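Student: First the structure, then my questions, so here it is.
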Amino acid sequence: MKRLIAVSIITFLCAAPVSAAPVDTAGLRAQGLMVIQKFFSALKNELRAGLKKGGPVAAIQVCRVEAPAMAKRVGEKNGWQVGRTSDRLRNPANAPDPWEAKVLAMFAAQAQAGKNPGKLVFGEVVTNAQGKRVFRLMKGIKMGGGCLTCHGPSPSAAVRNQLKHLYPQDKATGYRPGQLRGAFTLQKVLD
Ligand code: HEC
């Protein structure tokens, strides 16, 4: 029995990765969620101001140019890479990679089952192609009333035309408030 325990302990010690320092996933998740909150509220403010100042067609520019710039700015300070993705894209540059596609499918199933899409969160430590450990985090984005102008079932003719012109493959209209519109996607290299 004693020998069995000793063997088990040795097996456990040998199986445990020695080089990898433990990762505080709860801390990273909390930090990432704060970055998302900052990004989302800055984006919504900017959109609101853009809509007020120049109307919806001009505000499309906010989403097109300002959103990626803001994502970069908000994340860079803390070493996070920040973006948005969806299973129904407007900009093909926001296409999900395989990990993101898997999480989006999981979120879609959870939303289908009645969960609040804006509260869906999934985080995981993965190893990237360079062999580095990366913490990846996604949070669902819920379609709100203020998003209808550009993502709703019936955008105005002017908005429709501008979207068609800028995003010929646009799949991101036809949403109703409360639906899962997409997700924030973050990563931070740990090693
Ligand atoms: C004034 C028009 C406008 C409004 C209002 C708007 N969006 Fe968008 N949205 C866009 C444009 C344009 C893009 C493409 C941005 C790009 O080129 O990266 C976009 C892209 C996105 C994306 C990235 C995924 C994709 O399909 O490319 C998400 C997620 C998103 N919007 C969610 C929202 C949500 C949630 C709201 C409401 C809070 C909202 N949008 C309000 C115009 C708008």
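The values are calculated or read from the model by the stated rules, or taken from the named source; none is laboratory data. In this text, all values refer to a predicted model and were calculated from it rather than measured experimentally. Ideal geometry is used to build each Cβ from the backbone, glycine not excepted, and the neighbour counts take in all protein chains shown. When the accessible area is computed, the model is the full protein with side chains, heavy atoms only, and any ligands, DNA or RNA have been set aside. Shrake-Rupley method; radii C 1.70, N 1.55, O 1.52, S 1.80 Å.
Student: So what does CYS63 come to for accessible area, using a 1.4 Å probe and Å² rounded to 10?
Tutor: Roll a 1.4 Å probe over it and CYS63 shows about 40 Å².
Student: Using a 1.4 angstrom probe on the protein heavy atoms only, line up THR173, THR185 by accessible area, largest first. Could the numbers behind the result be given before it?
Tutor: Details: THR173 50, THR185 15 Å².
From most exposed to least exposed: THR173, THR185.
Student: Specify the residue with the greatest mean-square fluctuation among ASN128, ASN161, ASN91, computed from a Gaussian network of the chain linking alpha-carbon atoms under 10 Å apart.
Tutor: Result for the chain, Cα springs under 10 Å: ASN128 fluctuates most.
Student: Oh, and also: Residues of segment 24-189: accessible area per residue at 1.4 Å, in Å²? Write down the numbers at each step before the final one.
Tutor: Working: 9190 Å² over 166 residues.
That works out to 55 Å² per residue.
Student: A follow-up question, please. Would you work out which of PRO68, GLY54, LEU104 lies farthest towards the positive end of the dipole of segment 24-189? Charges go on Cβ: Lys and Arg +1, Asp and Glu -1.
Tutor: Towards the positive end, the residue furthest out is GLY54.
Student: Give the carbon-plus-sulfur fraction of the accessible surface of the chain in %, rounded to a whole number; probe 1.4 Å, heavy atoms of protein chains only. Write down the numbers at each step before the final one.
Tutor: Details: 6770 of 11620 Å².
Using a 1.4 Å probe with all protein chains present, the chain comes out at 58 percent carbon and sulfur.
Student: From the protein chains alone at 1.4 Å, what is the descending order of accessible area for VAL126, VAL57, largest first? Each step should come with its number before you reach the end.
Tutor: Working: VAL126 35, VAL57 55 Å².
Solvent-accessible surface, decreasing: VAL57, VAL126.
Student: So what does ARG160 come to for accessible area, using a 1.4 Å probe and Å² rounded to 10?
Tutor: 130
Student: For segment 35-80, rounded, prolate or oblate, judged on the Cα gyration tensor with a ≥ b ≥ c (square roots of eigenvalues), a/c < 1.5 rounded, else prolate if a/b > b/c? Could the numbers behind the result be given before it?
Tutor: Values: a/c = 3.95, a/b = 2.19, b/c = 1.80.
Prolate.
Student: What percent do you get for the relative contact order of the chain when only Cα pairs under 8 Å and 6+ apart count? It would help to have the intermediate numbers written out before the result.
Tutor: Numbers: 246 pairs, mean separation 46.0, N = 191.
Over the chain, the number comes to 24 percent.
Student: Follow-up. Apply the membrane-span-like helix rule to the chain: whole DSSP H runs, Cα extent along the own long axis of at least 24 Å, mean Kyte-Doolittle hydropathy at least -1.0. List the helices found. Kindly include the intermediate steps, with their values, before the conclusion.
Tutor: Values: long enough: 25-61 (42 Å, 0.20).
Helices meeting the criterion: 25-61.
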